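Asks: Quick one: structure below, then a few questions.
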C-alpha cells in the first residue's frame, strides 16, 4: 500500500449496460431468469461497483502484487436500468483500517439514482492469497 492511498479519495466510473448484463444473462441455464425483465441485474451491478473500487485503488497499491478483494456489500437497487443506458458510479474511500478499505457508493443511470450504499475491500498479497486458495482446493480434493 502506497502513502497516496488516503481516506477522501473520490472516483467516478462510467459503464454502458449491454444486453448481456441483464437479468436473463445472470444464470442463463436457469429457466426462471429467462422470463425476467431485461434490465441491469443486481449481481452485475455489485460487480460493477467492485470494479470501480478496484480501478480507483490500483494506482495506490503495489498492483499486481497487492490486490483488493471484496469482503462486504451493502447496497440498495432502487431503479431499473435498461440496456444501452450509461451507469455512472461515484465513490469515496471513507476510511482505512489497516488493510480494510470502506467505500461509499452512489450510482445513477442518467434518469434515476439506481443505488446507494457501502462496500468494503481488503488489500491482499496476491501470491499468498492464491497459494492459500490452491491449498484449500487441494485439501477438498483429498
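Asks: How much length is gained on full extension from residue 95 to residue 125, taking 0.36 nm per residue of separation minus their Cα-Cα distance? Each step should come with its number before you reach the end.
Replies: Numbers: separation 30, 0.36 × 30 = 10.80 nm, distance 2.00 nm.
Going from the current span to full extension adds 8.8 nm.
Asks: For the chain, what is the mean residue ellipticity at 222 nm derived from helices alone (per DSSP H run of n ≥ 4: -39500 (n - 2.57); sum divided by total residues; nearest 500 deg cm²/dmol)? Please list the in-between numbers first.
Replies: Details: 3 runs with 35 residues, N = 142.
Mean residue ellipticity at 222 nm (helix-derived): -7500 deg cm²/dmol.
Asks: Within 10 Å, count the other beta carbons around each residue, average over each peptide in 69-80, 125-136, and list them highest first. Kindly include the intermediate steps, with their values, before the conclusion.
Replies: Values: 69-80: 13.7, 125-136: 11.4.
Top of the packing list down: 69-80, 125-136.
Asks: Give me the number: length gained by fully extending residue 62 to residue 138, i.e. 0.36 nm times residue separation minus the C-alpha to C-alpha distance, one decimal in nm. Before the final figure, lay out each step's value.
Replies: Numbers: separation 76, 0.36 × 76 = 27.36 nm, distance 2.84 nm.
So the extension gain works out to 24.5 nm.
Asks: Separation of segment 12-36 and segment 71-108 by C-alpha centroid, Å?
Replies: So the separation of the two Cα centres works out to 18 Å.
Asks: If the elastic network links every pair of Cα atoms under 10 Å, which of 67, 106, 34 fluctuates the most in the Gaussian network model of the chain?
Replies: 34
Asks: List the pair-distance distribution P(r) of segment 10-140, using every Cα-Cα distance, as the percent of pairs falling in each 5 Å bin from 0 up to the bin containing the longest distance, rounded to whole percents.
Replies: Distribution as computed: 2, 10, 18, 18, 16, 15, 12, 7, 2, 0 percent.
Asks: For residue 112, put the label point 7 Å out on the Cα→Cβ axis and report which residues of segment 61-85 keep their amide N under 14 Å from it.
Replies: Residues passing the 14 Å test: 76-83, 85.
Every number in this text was worked out from the coordinates using simple rules, so none of it is lab data. Here the structure is a predicted model, which is why all the values come from computation and not from measurement. So basically every Cβ, Gly included, is an ideal-geometry build from the backbone, and we count neighbours across all protein chains shown.
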